[in-house]
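Please read the structure below before turning to the comments.
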């Protein structure tokens, strides 16, 4: 039994000796590796390139990186084992050697690899290429606006319903300008921005439409370049729609006597109607536009009068016509001079309290009418009336002569009238004063 215990103890001692020998060998190998083999080769993949220009001459020139052919590289290097043994892509920096960049253009720029921690890196290899192809240019901004005509609207897909019209000059675009940015060389090629509608619409009333569709143009060609961007991505467009209507034009002939039928007097208008527009459907209730009034006493063969088309806040004249000539050619009509005597002058609508005496013996008048009527008519067919209802007889009853207006017409002839104005002297006295003078 004692002999068996001695053998087991010997085995344990041998095992412990073996383990200790292995540990010593490993420690010796580690010490040897760190002293005799201190350098370590490291390869890192997809290390991003830092394209910053800050502090460089290119930055002072206002240049920016417009385009590049690669954005990351693989990097291999040798460094101290105890420094770079745990390196990742975050521990190194790949930058640009910009010493030769002095103006905008395209360059093959060498890449520079450094340690973020300041460690020494040797035998640096960069793949798949040691340079990056870069386009440099100055970034710029430009504003295209409605005001200067560089921001416009294409309404080819928008139409007005029958009887309606769209006023393109009153279309409002919000915002009224767009800012584009990008490399200066590209920005300089842009001449305009055009807003358009992707689908067609027919409008019968004013509308606010939101549209995200717009295109940049270089002269007449569409300009597309990913390097140019716009700060706005959509626009609001207000499109005013008006109801249109053609309204006849007309005049009103005024007369001094109901015996004259002014509706029989022929005339022509240089324009017999105009086109108007309104956003109020009430325009349908308007049948015509009155130009003004013509006194029949001013109408003779060849008379021409001009009228300005009246303005109206209810509708807008869009015909482009602002005045109209009225021509009284009166074909087949003539003028005739007549003399009326005192017996043809009558005072009507008087008062029994006053005596009215016409003092004028005769008046010369000019009348107008169809030639065949004037040839057959006699001066005795005419009368001249003084309508006393137009006067305050009490104020005039001083026994003195007064000039009073005459209305001249031919009873039974509705198409004959006098032109010009006429007056006669009239004496008015109170009836009681006349009676007393008679008794004396």
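The values are calculated or read from the model by the stated rules, or taken from the named source; none is laboratory data. Owing to the predicted nature of the structure, the values given are computational and were not obtained by experimental measurement. Positions of Cβ are backbone-derived with ideal geometry, glycine not excepted, and every protein chain shown enters the neighbour counts.
Brief remarks on what is shown
- Residues that are in a strand (DSSP E or B) and touching a helix residue (DSSP H, G or I) at 6+ places or on another chain (Cβ under 9 Å), drawn from segment 295-305: 305
- Within segment 175-200, considering residues that are within 19 Å of the chain's Cα centre (by Cα) and assigned to a loop (DSSP other than H, G, I, E, B), the one nearest to residue 234 (Cα to Cα): 175
- From the list 86, 100, 117, the one residue that fits, being touching a helix residue (DSSP H, G or I) at 6+ places or on another chain (Cβ under 8 Å), without any contact (Cβ under 8 Å) to a residue 40 or more places away in the chain and over 30 Å from residue 233 (Cα atoms), is 117.
- Any hit, segment 18-40, residues being outside any helix (DSSP H, G or I) and either at pLDDT 95 or above or surrounded by 13 or more Cβ atoms within 10 Å (Cβ to Cβ) (or both): yes
- The residues of segment 385-403 that are loosely packed, with under 15 Cβ neighbours inside 10 Å and more than 20 Å from residue 422 (Cβ to Cβ), listed by number, are 392, 394, 395, 398, 399, 400.
- Subset of segment 214-223 (residues that are closer than 16 Å to residue 234 by Cβ and surrounded by 14 or more Cβ atoms within 10 Å (Cβ to Cβ)): 214, 216
- Selection status of residue 253, modelled with pLDDT of 95 or more, closer than 30 Å to residue 381 by Cα and part of a strand (DSSP E or B): yes
- Residues that are modelled with pLDDT of 90 or more and outside any strand (DSSP E or B) were ranked within segment 201-217; the one that is nearest to residue 137 (Cα to Cα) is 206.
- Residue count for segment 131-168 satisfying the condition of being more than 30 Å from residue 57 (Cα to Cα), over 20 Å from the mean Cα position of the chain (by Cα) and either buried (at least 18 other Cβ atoms within 10 Å of the Cβ) or without any contact (Cβ under 8 Å) to a residue 24 or more places away in the chain (or both): 1.
- Count of residues meeting criterion [assigned to a helix (DSSP H, G or I) and crowded, with 16+ Cβ neighbours inside 10 Å] in segment 358-373: 1
- If the condition is being surrounded by 11 or more Cβ atoms within 10 Å (Cβ to Cβ) and part of a loop (DSSP other than H, G, I, E, B), then segment 224-240 contributes 225, 227, 228, 231, 232, 234, 240.
- Selection of strands (runs of 3 or more DSSP E) fully inside segment 306-357 by the criterion of at least 2 residues being within 18 Å of residue 248 (Cα to Cα) returns 323-328.
Let's see how each residue does on (1) closer than 23 Å to residue 167 by Cβ; (2) more than 48 Å from the chain's Cα centre (by Cα); (3) surrounded by fewer than 17 Cβ atoms within 10 Å (Cβ to Cβ); (4) in contact (Cβ under 8 Å) with a residue 24 or more places away in the chain:
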| site | (1), (2), (3), (4) |
| --- | --- |
| 276 | yes, no, no, yes |
| 290 | no, no, yes, yes |
| 296 | no, no, no, yes |
| 301 | no, yes, yes, yes |
| 319 | yes, no, yes, yes |
| 328 | no, no, no, yes |
| 333 | no, yes, no, yes |
| 338 | no, yes, no, yes |
